[in-house]
Amino acid sequence: IRRLLRLTSERRKKILQVDNLDVFYDQLQAVKNVSFEVKKGELVTIIGANGAGKTTILRTLMGLQKCARGSIKFMDQEITLTLPFVRARIGISIVPEGRRIFPDLTVEQNLMMGAYTRVDRNGIANDLKKIFQLFPVLKERRKQVGKTLSGGEQQMLTIGRALMAKPKLLLMDEVSMGLMPIIVEETFKVIKDLHQQGLTILLVEQNARKALSIADRGYVIETGKIVLSGTAEALLSNPAVKKAYLGG
């Protein structure tokens, strides 16, 4: 019972806290006073239309885009001004929009690039085996260069590369974009499985129904502002969300 209580308490700890975030592209404000949190072990999704600011939030969390105002804390550590490679080293990893693999490197070389901050050779080798178990097609294609893979295989490779960093928090940006429906189903099954294994995930996604179907909680963003938040179940049944994002 004590162990269960301890695990429950750990899962309630905030792994990410974002407060009053403002982000600009030149004079255009893309993110407006955004605040949200992700607790350890949660799968949280941010849904919204194209151009609402979802990708900008993830880029800012990863340090790829500067914020004008606000605070980002990761595991109680202030990281607002921290460089991207430092964020990767302390446990934040990203599956970027549009996949963005290294096209002229092999599948295995792409995966090993995900582990560039690690020095535990045995751990890296074991995690590579796990990636090949998770995505058997990548094992079959391990010596192929990335640009020869299908779109779905490249998405698997991008997820695998991010997992090779052994993240404490996995950021996922529009993973369903441009994929066939059957590949979307497989991708979301993988995300659900990773969450059930205890990985903390922040998922940004246009496919609101799919995202909310596997998430614990969600936030709705419109024109740079968070306008709704709640459990995934509550958002799925919310009339405004149904009308705007679920086709009902």
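The values are calculated or read from the model by the stated rules, or taken from the named source; none is laboratory data. Please read all numbers here as calculations on a predicted model, not as lab measurements. Here the Cβ is made from the backbone with ideal geometry for all residues, glycine too, and neighbour counts use every protein chain on show. Surface areas here come from the heavy atoms of the whole protein model, side chains and all, with no ligands, DNA or RNA. Shrake-Rupley method; radii C 1.70, N 1.55, O 1.52, S 1.80 Å.
Tabulated data
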| item | result |
| --- | --- |
| Residue, most open to solvent (accessible area, probe 1.4 Å), within the range 73-98, restricted to residues that are out of contact with any Gly (no Cβ under 9 Å at 6 or more places or on another chain) and under 13 Å from L16 (Cα atoms) | D76 |
| Test: residue in the range 181-199 that is among the β-branched types (V, I, T), in a strand (DSSP E or B) and in contact with a helix residue (DSSP H, G or I) (Cβ under 7 Å, 6 or more places away or on another chain) | no |
| Filter result for the condition that a residue is of a type in the set (S, T, Y) and closer than 12 Å to T45 by Cα, over S176, S213 | S213 |
| Sole residue being free of Cβ contacts under 8 Å to residues at least 60 places away in the same chain and buried (at least 20 other Cβ atoms within 10 Å of the Cβ), chosen from N122, N110 | N110 |
| Positions within the range 213-245 being open to solvent by 20 Å² or more (accessible area, probe 1.4 Å) and either in a loop (DSSP other than H, G, I, E, B) or among the charged types (D, E, K, R) (or both), in sequence order | D216, R217, E222, T223, K225, E233, S237, N238, K242, K243 |
| Any hit, the range 29-48, residues being open to solvent by 20 Å² or more (accessible area, probe 1.4 Å), part of a loop (DSSP other than H, G, I, E, B) and within 29 Å of Y116 (Cβ to Cβ) | yes |
| Extreme residue, most open to solvent (accessible area, probe 1.4 Å), among residues of the range 152-180 that are touching a strand residue (DSSP E or B) at 6+ places or on another chain (Cβ under 7 Å) and either free of Cβ contacts under 8 Å to residues at least 24 places away in the same chain or assigned to a loop (DSSP other than H, G, I, E, B) (or both) | K168 |
| Members of the range 144-179 that are in contact with a helix residue (DSSP H, G or I) (Cβ under 7 Å, 6 or more places away or on another chain) and either more than 28 Å from T60 (Cα to Cα) or among the basic types (K, R) (or both) | Q144, L149, R161, K166 |
| Test for K210: is it over 28 Å from R69 (Cα atoms), surrounded by 19 or more Cβ atoms within 10 Å (Cβ to Cβ) and not hydrophobic (A, V, I, L, M, F, W, C) | yes |
| Residue check, V184 modelled with pLDDT under 95 and within 20 Å of V38 (Cα to Cα) | no |
| Residue list for the range 106-137, filter: more than 21 Å from I92 (Cβ to Cβ), not charged (D, E, K, R) and not in a strand (DSSP E or B) | V107, Q109, N122, A125, N126, F132, Q133, F135, P136, V137 |
| Test result for I183, surrounded by 21 or more Cβ atoms within 10 Å (Cβ to Cβ), out of contact with any His (no Cβ under 9 Å at 6 or more places or on another chain), of a type outside the set (D, E) and over 16 Å from I101 (Cα atoms) | no |
| Residues (touching a residue at least 60 places away in the same chain (Cβ under 8 Å) and on the phi > 0 side of the Ramachandran plot) located in the range 52-73 | G53 |
| Among the residues listed as V190, V145, V241, V184, the single one being in contact with an Asp or Glu (Cβ under 8 Å, 6 or more places away or on another chain) and touching a residue at least 24 places away in the same chain (Cβ under 8 Å) | V145 |
| Residues (out of contact with any Phe, Trp or Tyr (no Cβ under 7 Å at 6 or more places or on another chain), among the aliphatic types (A, V, I, L, M) and surrounded by 16 or more Cβ atoms within 10 Å (Cβ to Cβ)) located in the range 125-151 | L128, I131, L134, V145, L149 |
